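Data block below; observations after.
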Amino acid sequence: MILRYGDVGDDVALLQKRLTRAGYPIPETHVFDHATESAVMTLQRDRGLVIDGIAGPKTMIALPGVALPCHLTDADLVKAADALGVSVASIRAVNEVESRGQGFLPDGRPAILFERHVFYKRLKARGLDADALAAKYPNIVSATPGGYMGKAAEYTRLAIAERIDRDAAHESASWGAFQIMGYHWKTLAYSSIDDFVSCMQRSEGDHLDAFVRFIAADTALLSALKGRKWAAFAKGYNGPDYARNLYDAKLAQAHAKYAEREKAAA
């Protein structure tokens, strides 16, 4: 569940009650108002989380105590902005819109999505009979996308793929909060696919670092991000269907919000 400014209802009231019990007292209004947003941001700052005022899974987990060390921090966002030469507001906007919000599953493994059509291509490139394997494992090897099971079940698909070709399997999954494809490992200056996967298993800060490397390696994407050309950035990052999900509009709106906060805090 994700709660943010403007939401109303019993879930908001429960959040307000939990915030008060955690030492961030606010009225129980059933409305996610400015006071609630401010309390959430203070909690996030105290727990070392990204300060966005949105009560997502990591913020909810942080309410009873200290956030897990693998979570993305505000310092990670500042470091990423410096590395790319863009405003922190731009990185905050991308993190809000383009990330999955939760880079790890509840069992501690990084979130993945296995792409059977990528695996098909990787196997062909290695000289294996991808078509024969597709006939035997249609959910794992195919010339077309699909077969997704989601969340932890993606690791079941990955395990089957690993028995066919371990490196190709890891290259054929997208990893972490920003869902960077494994086959980019060499372009992104990792020493091997194993090195890339090890980093993805370590922390959401490493997920963001992979995203930074990905953007830095693509001059068009980096230029779009620096110029805040959100349609061009969304198209380059998400593909031609970006407009269907309003990624560019969401990025522009999120950037305006964070830029206004930075201006107010200056």
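The values are calculated or read from the model by the stated rules, or taken from the named source; none is laboratory data. Predicted model only: the values in this text are computed from it and were never measured. Using ideal geometry, Cβ is built from the backbone for each residue, glycine included, and neighbour counts are taken over all protein chains shown.
Within the range 249-262, is even one residue within 19 Å of the chain's Cα centre (by Cα), part of a loop (DSSP other than H, G, I, E, B) and either on the phi < 0 side of the Ramachandran plot or buried (at least 17 other Cβ atoms within 10 Å of the Cβ) (or both)?
No: zero hits.
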For the range 12-29, which residues satisfy the criterion of being touching a His at 6+ places or on another chain (Cβ under 9 Å) and farther than 18 Å from Arg47 by Cβ? Val12, Ala13
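Here is a yes/no grid of residues against (1) among the polar types (S, T, N, Q); (2) on the phi > 0 side of the Ramachandran plot:
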position	(1), (2)
Phe114	no, no
Ala125	no, no
Asn139	yes, no
Gly147	no, yes
Tyr155	no, no
Ser174	yes, no
Tyr190	no, no
Gln201	yes, no
Asp209	no, no
Among the residues that make up the range 22-43, is at least one of them surrounded by fewer than 21 Cβ atoms within 10 Å (Cβ to Cβ), within 26 Å of the chain's Cα centre (by Cα), closer than 23 Å to Gly103 by Cβ and modelled with pLDDT of 95 or more? yes
Taking the range 235-255, which residues are under 22 Å from Tyr183 (Cβ atoms) and either among the charged types (D, E, K, R) or in contact with a helix residue (DSSP H, G or I) (Cβ under 6 Å, 6 or more places away or on another chain) (or both)? Lys235, Gly236, Asn238, Asp241, Tyr242
When residues of the range 93-138 are limited to those that are among the small types (Gly, Ala, Ser), within 20 Å of Ile215 (Cβ to Cβ) and at pLDDT below 95, the one surrounded by the fewest Cβ atoms within 10 Å (Cβ to Cβ): Gly101
Here's a check for you: in the range 202-248, which residue that is under 16 Å from Asn95 (Cα atoms) and of a type in the set (Val, Ile, Thr) is surrounded by the most Cβ atoms within 10 Å (Cβ to Cβ)? Ile215
What helices (runs of 4 or more DSSP H) completely inside the range 121-220 contain at least 3 residues that are under 16 Å from the mean Cα position of the chain (by Cα) and closer than 26 Å to His71 by Cβ? 193-200, 204-216
Would you mind stating whether Val86 is touching a strand residue (DSSP E or B) at 6+ places or on another chain (Cβ under 7 Å) and at pLDDT 95 or above? no
Residue check, Ser90 surrounded by fewer than 22 Cβ atoms within 10 Å (Cβ to Cβ), over 20 Å from Cys199 (Cβ atoms) and of a type in the set (Ser, Thr, Tyr): no
